[in-house]
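Each reported figure results from applying straightforward, stated rules to the coordinates on display, with no laboratory input. Owing to the predicted nature of the structure, the values given are computational and were not obtained by experimental measurement. A quick note on method: Cβ atoms are made from the backbone with ideal geometry, for glycine too, and the neighbour counts reach across all protein chains shown.
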């Protein structure tokens, strides 16, 4: 009977520890807990309208980059002009946004003369 009490006590302690764990932390086996990434789902039509309303078409570019990475199931993908043009983003705006994101260390862009750039998102 003593063994049963010990098992129950251990189970109770595990529940208490889990309840006392900080919100937003993920418990891993023998590693330290790390904070969970936070995400938001944004309908592309809404992001497009918000970019137009605020006069920030470059903001739509980075949302589109995340969408393309998800769609390609890869952090590396091509970015033709036509995709963004259909959402109201001019090719020069696309190029400025890519240069700024690259300078910030968020993406890497492979460019070739008169070819579609290939973008790689740099995050872990």
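Hey, what's the Kirkwood Rh for the range 44-121 if you take every pair of different alpha carbons, in angstrom? Provide the component values of the computation, followed by the final result.
Working: mean 1/r = 0.0797 Å⁻¹.
The Cα-based Kirkwood calculation yields 12.5 Å.
When the label point is put 7 Å from the Cα of residue 37 along its Cα-to-beta-carbon vector, which residues of the range 89-122 have a backbone N closer than 17 Å?
Zone members listed by number: 105-108, 120-122.
Take peptides 76-85, 105-114, 89-98 and line them up by average Cβ neighbours within 10 Å, highest first, as a rough protection proxy.
89-98, 76-85, 105-114
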